[in-house]
Amino acid sequence: MRSFWLSLLAAVAGGLLLRAAFPGPALWPLAFVGIGLVLCSLMHRSAGGAFLVGLASGLAYYFPLIAWASLFLGPVPWSALSVLSSLFWAGGAVLIALAYRRLTARWESGARRVIFVAAAIAGLWTLREAIYSAWPYGGFAWGRVAQSQSASPFAELVSWLGLSGMGFVMVFLVALTLELGRARVRPQTWVTAAAAVLVVAVVPIYPTNEIGSARIAAVQGDTPEAAYFVDGDPGDVFLGHVDATLTIPDDADVDAILWPEGSIDLDPKTSTGVRRTLDQLSEQYGAPIVANAVTVEEGASADDDRFFNSQFVWDAESGWGDQYDKKHPIPFGEYVPDREFWYSLAPDLIGLIGRGYSPGERDSILEVGDIRAGTYICYDIVDDVLIRDAVLEGATVLFAPSNNADFGKTDEPAQQLAFARLRSMETGRSIVQASTVGLSAVYSPEGRVLAELPWYEPGVMIVDVPLADGLTPAVLFGRGIEVTLAALGLGLLIGAGSSKTRRMNTATVRIPRR
């Protein structure tokens, strides 16, 4: 597209369509259409034009994708996060536009151009996602294109390549199709490209080894009081989960009872009533309770105390057992990085976040009886490193306790649940997600729905969950896949620029004879 205004329109439309691929409405094919429009908008653009067009598509994408953030702390944090995300998107757009200019100048036609251009574009897209997923303040890994494909035929590819590799393939196929339309290639090349798409769509999930099963009871207490700004009496959330747990039949013979994040709004270490109730429940059902509460590591003074968002195991015989502390607390939601600086800019807003959580330092495995449960609390689910580490540490099942009460009936719970399904397929492990208000579900290692609960209704899922061992390629190679693909894109971009410089330096100048 040579018209800037037409490119701008395509960029906005592409961002909106890409957002529509995510829950809701979760129309996964629109991801490919959206990516295509975004890429078309960057062809023939200068660096400045690409930045503006990229910023427009990023804003059209992120503002509606994370609109649920406005319900938690209001429009200012939502806008700030959307704009920051869009600036990274715009930076990636500049690299992609530069790649289009350099590589199409290097190869004017032919299959080599088609493949190299598509690989460069996909690699640079992967590079941008990789950087923003890790930086600043631990990054924001919400909204990677692969996360839109939890219900698509391409989803099983995630067990081979992980989210980054799957996203690379998606962008590669779209860029490949666009280049086939622009470059002069033989008909056989079209046939080869169509075959590649078909192969990707039918790639089976990588199998892991089932080594038994565990009967898990996952509890959803229906406790809106777990939200940050919803009034309630101390203990309301705890009692809500106690009441829901008591609906489990006495003869259910469960191996563990999973409660969600934020399920105990009192201090179990100081509240005799909480400890007594947990003992009674554990004894009644003959199983440990895996619950959540705020824990404190006392320092030399009160100002040095460290607070953690902790999932812990409680057994009637031994009391407080193994513990996992959330490793990826949400910046500006659960803690404020560089607090003094940000407080000077927005004191009223930053003042709302009184207590800050510290990142956990324990391993990600909870020993729950004979079960080794890799545990991720809420936002942890989007962190590739945490997911991989738990499986490498020997997790045979994954627990994903979450508190979605702050986001009400928005798209956030459905998006998070879609990410959980992808994680089950990526790792070859069953995953049990229990939420305070929903959505809660259990997925098999193949991503099949084993149980689910509607939101804002109390309930319990009692499921015989397959346990597994073995490593998928996505877990085995981990970040190596992401780094390789990102380096490929950057290398092709730099290589094309170097080649152009060499040609200019070695060109001969013909002087006409007089």
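All of the numbers you see were taken from the coordinates with simple rules; none came from a lab. Only a predicted model underlies this, so the values are computations on that prediction, with no experimental measurement involved. No Cβ is skipped: glycine too gets one built from the backbone with ideal geometry, and neighbour counts run over all protein chains shown.
Things worth noting here:
- Summarising the amide proton neighbourhood of Val368: residues at separation of 5 or more, or on other chains, whose placed amide H is nearer than 5 Å comprise Ala373.
- Extension gain, Glu457 to Gln284, is 59.9 nm, computed as 0.36 nm per intervening residue step minus the present C-alpha separation.
- Beta-bridge orientation, the range 209-471: approximately 70 percent antiparallel, per DSSP, counting only bridges with both partners inside.
- Residues Lys269, Lys327, arranged from fewest to most other Cβ atoms within 10 angstrom of their Cβ, appear as Lys269, Lys327.
- Spatial offset of the range 340-371 relative to the range 431-488 amounts to 24 Å, using the alpha carbon center of each.
- Selection from Ser70, Pro329, Met170, by position along the positive dipole direction of the chain (Cβ): Met170
- The H on the amide N of Gly212, modeled in the peptide plane, is under 5 Å from the matching H of Leu467, each at least 5 residues off or on a different chain.
- Options (i) 0.98; (ii) 1.07; (iii) 1.03 - which one matches Rg/Rh (Cα atoms, Kirkwood Rh) as calculated here: (iii)
- Once the chain from Ile494 to Val385 is taken as fully extended at 0.36 nm per residue, the excess over their C-alpha distance is 36.4 nm.
- Gain on full stretching of the segment that runs from Asp250 to Trp5 - 0.36 nm per residue minus C-alpha separation: 81.6 nm
- As a rough footprinting exposure proxy, the listed residues Arg423, Arg101, Arg306, Arg2 were ranked by other beta carbons within 10 Å of their own, and the order from fewest upward is Arg2, Arg306, Arg101, Arg423.
- Theoretical FRET efficiency, 1/(1+(r/R0)^6), r = Cβ-Cβ of Glu317 and Leu198, R0 56 Å, to 0.05: 0.50
- Cα shape, the range 51-105, gyration tensor, a/c 1.5 rule: prolate
- The modelled label-to-label distance for the pair Glu393/Val296, using points 7 Å beyond Cα in the direction of Cβ, is 2.6 nm.
- Relative contact order of the chain, pairs being alpha-carbon contacts under 8 Å that are 6 or more residues apart, as %: 17 percent
- Within the chain, helix-based [θ] at 222 nm, where runs of 4 or more DSSP H residues each add -39,500 (n - 2.57), nearest 500: -15500 deg cm²/dmol
- Residues listed by number, the range 351-375, amide nitrogen under 20 Å from Arg306 label point at 7 Å toward C-beta: 354-366, 375
- Projecting the Cα atoms of Ser318, Leu349, Pro288 onto the charge dipole of the chain (Cβ charges, centred on the Cα centre) puts Leu349 farthest toward the positive pole.
- Karplus-derived HN-Hα couplings along the range 318-332 (A = 6.51, B = -1.76, C = 1.60, θ = phi - 60°), whole Hz, x at Gly and Pro: 10, x, 5, x, 5, 9, 10, 9, 3, 8, 10, x, 7, x, 6
- With Cα atoms defining each centre, the range 228-244 and the range 27-98 are spaced 38 Å apart in the structure.
- Neighbour counting of Cβ atoms within 10 Å sorts the residues Leu30, Leu157, Leu239, fewest neighbours leading, into Leu239, Leu30, Leu157.
- Assigned charges on the beta-carbon of Lys, Arg, Asp, Glu; the chain dipole about Cα centre (debye): 5540 debye
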